[in-house]
Amino acid sequence: MSEETTAMPMSDSGSESRRRSPVEWLKDLRDNRAHLFLLGFMLLASLAVIDFRTWLVLTISGVAMGAMLFLMASGMTLTFGLMSVLNLAHGAFISLGAFAGGTVLAFWLDGFTDAPSLLTNLVAIVPALLFAALVAGVVGLVFEKLVIKPVYGDHLKQILVTVGGSIILMQLIEVIWGPNEIPVTRPESLSGAFFVPEFLPLIGGIVLEKYRLLAVVLGLAIYAAMLWVIDRTRIGILIRAGVESREMVEIQGYRIHLLFLGVFVAGSALAGLGGVMWGMYKELLTPHMGDEMMISVIVVIILGGLGSIRGCFYGALLVGLINLYIGFVEPRLAAVATVGLMVGVLMWRPQGLIPVIKI
């Protein structure tokens, strides 16, 4: 008897949870998966006012822009979330990576970018990406030792010294590459767009830009790699443990400062990688292009939740999508769309979409 009476309420409870109404399901999604709720709402709301084929092109383009924003913002999110370091010189590393990669594409291996073959173009693209990450990472190593290390744990001093460091890096960029703009032509195989065959249902006849598709693939690959390293590897476990209790990790014999140094170098390298991708997208390099992107980068970080890699990824997607949706529907509002999105989200969820201070 007692077993029957105990089992019955459990069965009823399970059946009630399976019979949740759509309103209850949406409420649960809004409360526990705010990033998915907002992303789905934005996609459906824009589809209601935009033709499907146009909406599909805008969505793919917005995801591509979001992927490039994620590459630029993920490094800053990484250093803040794992090290509690506010690096406002992040924009300078974006510019540095853009110029380093642009040098490879425009001067050193420019002969390989003119060929129509993708394999030939990759001879220039891959070294450009690696060189941009290498230069930004090495400068980040020096920057951490000279500028960041003395101010660990003091956010106010971090803001002051990194702003000063940013000014110095910008001046060094102008000394090395000059103050003038440098044009960078995209590799031939990534220029232009291709048509989706007409016979395909729904999507037939649309035009997709090749470079944006590359940005989507690269952004997703970097995102997956970052999550794997942080969540699945021994280094990721040690870093997260060091954030929670630095003393405990040091007692176990690990040199936590070397781990944090590696995180800062990785964050700087990601900024450089995002910079060269943005430079190829704009096809023009300017010394202050990184600073110009810092507003969007900071919005992405705040929107997703300070220190959250997942939040940074979804925040970047939302910023990329809303810029193109609003720009198409009402171009005059495109300039304020990003900030408006951030304000709206913070009024709804002050902690951000995925409130994770430490990964």
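Just so it is clear, none of the values below were taken in a lab; they were calculated from the coordinates. Note that the structure is a prediction, hence the values are computed from the model and not measured. Cβ placement follows ideal geometry from the backbone for every residue including glycine, while neighbour counts extend to all protein chains displayed.
Quick notes
- Proximity of backbone amide H atoms, modeled 1.01 Å from N, is registered between Leu284 and Val184 at under 5 Å, excluding neighbours fewer than 5 places apart on the same chain.
- Reported to the nearest whole Å, the Cα centre-to-centre distance from region 256-279 to region 26-90 is 21.
- Couplings 3J(HN,Hα) of region 33-43, computed from phi: 9, 4, 5, 6, 4, 5, 5, x, 4, 5, 5 Hz, in residue order, whole Hz [Karplus 6.51 cos²θ - 1.76 cosθ + 1.60, θ = phi - 60°; x for Gly and Pro].
- Volume per residue of the C-alpha convex hull in region 294-333, rounded to whole Å³: 56
- With one equal scatterer per alpha carbon and no solvent term, the Debye-computed log10 I(q)/I(0) for region 35-163 at 0.15 1/Å reads -0.90.
- Backbone N under 19 Å from the Leu172 label point (7 Å along Cα→Cβ), restricted to region 231-270: 261-270
- Sparse packing (at most 15 other Cβ atoms within 10 Å of the Cβ) combined with a DSSP loop state is found for the following trypsin sites (Lys or Arg not before Pro) in region 193-266: Arg255.
- Taking one quarter of the surface of the C-alpha convex hull of region 84-221 gives a mean projected area of 11.2 nm².
- Structural size metrics of region 147-286, computed from C-alpha coordinates, are Rg and Dmax of 21.3, 65 Å.
- For the pair Leu44 and Ser245, label points projected 7 Å from Cα toward Cβ lie 4.5 nm apart.
- Computed over region 262-353, the alpha-carbon pair-distance distribution with 5 angstrom bins reads 3, 13, 18, 23, 21, 14, 6, 2, 0, each value a whole percent.
- Mean Cα-pair separation over length for the chain, i.e. relative contact order, pairs under 8 Å, 6 or more apart, %: 31
- Here the translational diffusion coefficient of the chain follows from Stokes-Einstein with Rh set to the Kirkwood radius across Cα pairs; for 10 °C and 1.306 mPa s it amounts to 72 µm²/s.
- Restricting the chymotrypsin sites (Phe, Trp or Tyr not before Pro) of region 158-247 to loop positions (DSSP other than H, G, I, E, B) with no more than 16 neighbouring Cβ atoms within 10 Å leaves Phe199.
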